[in-house]
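The values are calculated or read from the model by the stated rules, or taken from the named source; none is laboratory data. Predicted model, so just to flag it, every value in this text is computed and none were measured. For accessibility, only protein heavy atoms count, side chains too; no ligands or nucleic acids. Shrake-Rupley method; radii C 1.70, N 1.55, O 1.52, S 1.80 Å.
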Amino acid sequence: MKALAGCLLLMLCVVAQAQIPEGALVGTVSDVTGARINAATVTVIARDSSFTRKVRTNKSGEFSLESLPPGTYDLRVEATGFATKTGTVTLAVTSMPSISIQLQPAPVQQTVNVEGRRELITQPIETSSSVVK
């Protein structure tokens, strides 16, 4: 009898866990050569609420955002030296899409200031005129 009660309790726990209405998002972040990017920040912001979650990629450029409520999210990926990438992802109950994100190098902006002095050059000007009559 105790064994049967234990089995029923275990089954209830498994069923209750399976009905948790959450999803997850996993993926990788790499550069244009395919090299994985360590410490990139991956942020998801739910469109229909103020729910926000942020993680950093590991040494292998992988990330995992778990226990996300189903819905549509704005996705933002940032890393030092790279242009920010944005997108949208939709999660369903118990879904766990895997995405690959490729970051482009950040545009290089450079300002060059040129300073100098221009010296005034003077040349003699002839002021005499010759008029022939």
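Less than 5 angstrom separates the built amide H of F82 from those of A106, all sequence-distant by 5 or more or on a different chain. Accessible area per residue was computed with a 1.4 Å probe on protein heavy atoms; D31 scores about 30 Å².
Against the criterion of solvent-accessible heavy-atom surface with a 1.4 angstrom probe, T57, T86 sort, most first, into T86, T57. Roughly what % of Cα-Cα distances in region 46-112 sit above 19 Å, to the whole percent? Roughly 41 percent, rounded to a whole number.
K85 sits with roughly 90 Å² accessible to a 1.4 Å probe, with DNA, RNA and ligands left out of the calculation.
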